């Protein structure tokens with residue numbers, strides 16, 4: 001390894017789930033799912049440098065860091081430790097994580113940071129790991145990580161480890177649509193939401209939700225995609241957190257084509273017809289809510305990065 005200290009930065013795009021079907025509980029305690037996931041232009045950013053001593057710093061950019069975990073529990077840092085362990089590298093790192101994705105919001109922020117770290121260190125240290133190898137590493141860190149390493153619209157199955165590009169049949173073309181995100185600042189426990197889903201018996205096995213939205217996505221049909229949005233977890237979350245349901249009701253009342261809870265929440269997203277509609281709805285929202293107008297992104301961390309070397 002070169003004696004010169006190298007550095008890089010990488011974007012870590014958020015995600016939404018256009019469909020999320022919880023199919024059943026596994027023997028390992030996790031749940032089998034089937035989901036159509038899309039990355040967003042909204043992204044955290046990691047600045048990574050080789051250093052003499054370890055340093056991990058988190059900076060807020062428009063989000064509340066009240067729930068941020070210490071470095072040893074942060075997924076990005078755990079990803080760095082995993083890479084060093086597997087690659088036999090002992091190089092200390094200085095990491096600056098700029099958070100723009102709400103913490104615990106159902107937008108995959110922590111998983112995105114982990115995916116970005118895997119990709120960045122593989123490139124920085126010229127490890128030569130393939131995307132598949134990085135996805136397999138990602139599966140050890142979290143269910144959303146493999147899909148976010150892959151990038152683009154993907155179908156994720158199993159615990160999240162089985163990833164298939166959703167738009168390969170269209171030659172890789174993916175639509176870019178404006179998306180309004182709204183988060184009331186409520187902390188939602190993902191584990192608790194899944195447990196509630198299992199206890200209530202709200203487990204789906206139909207293929208219709210994914211198939212309908214997938215076909216519409218391939219055709220670039222926003223209205224059809226909006227009409228097929230589905231999340232097995234939504235009803236349970238709305239029942240336990242009425243404030244989140246009220247956000248969905250507001251967005252539907254504003255005539256957004258499609259409204260859905262993202263992941264386990266607390267963020268609700270709206271597919272909007274255009275930027276003008278998204279901005280108008282955002283202006284009319286009650287005060288005190290985090291909101292962003294962003295876009296679906298045709299690629300992910302495999303493409304949305306740049307490397308800075310002195």
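Could we say that residue 201 is out of contact with any helix residue (DSSP H, G or I) (no Cβ under 8 Å at 6 or more places or on another chain) and either in the same structural domain as residue 188 (by TED's automatic domain parsing) or modelled with pLDDT under 95 (or both) here? Against the criterion (out of contact with any helix residue (DSSP H, G or I) (no Cβ under 8 Å at 6 or more places or on another chain) and either in the same structural domain as residue 188 (by TED's automatic domain parsing) or modelled with pLDDT under 95 (or both)), residue 201 qualifies. Filter the stretch 140-174 down to the residues that are out of contact with any helix residue (DSSP H, G or I) (no Cβ under 7 Å at 6 or more places or on another chain) and buried (at least 19 other Cβ atoms within 10 Å of the Cβ), then identify the one that is modelled with the lowest pLDDT. The selected residue is 174. For the stretch 108-183, the helices (runs of 4 or more DSSP H) that sit wholly inside it and include 2 or more residues that are touching a strand residue (DSSP E or B) at 6+ places or on another chain (Cβ under 6 Å) are 109-124, 145-150. Considering only residues that are at pLDDT below 60 and over 22 Å from residue 238 (Cβ atoms), which ones fall in the stretch 206-219? Correct list: 207 only. As a summary of the residue check, residue 186 satisfies the conditions (1) in contact with a helix residue (DSSP H, G or I) (Cβ under 8 Å, 6 or more places away or on another chain); (2) modelled with pLDDT of 80 or more; (3) outside any loop (DSSP other than H, G, I, E, B) except for the one numbered (3).
When each of 266, 216, 248, 243 is tested for being farther than 21 Å from residue 288 by Cβ and either in a helix (DSSP H, G or I) or touching a strand residue (DSSP E or B) at 6+ places or on another chain (Cβ under 6 Å) (or both), the lone residue that passes is 216. Within the stretch 112-129, the set of residues being in contact with a helix residue (DSSP H, G or I) (Cβ under 9 Å, 6 or more places away or on another chain) and surrounded by fewer than 24 Cβ atoms within 10 Å (Cβ to Cβ) comprises 122, 125, 127, 128, 129. Counting only strands (runs of 3 or more DSSP E) that sit completely within the stretch 1-106, those holding 1 or more residues that are touching a strand residue (DSSP E or B) at 6+ places or on another chain (Cβ under 7 Å), at pLDDT 85 or above and under 16 Å from residue 142 (Cα atoms) correspond to 7-25, 31-50.
The values are calculated or read from the model by the stated rules, or taken from the named source; none is laboratory data. This is a predicted model, so every value here is computed, not measured. All Cβ positions, glycine included, derive from the backbone under ideal geometry; neighbour counts span all protein chains shown.
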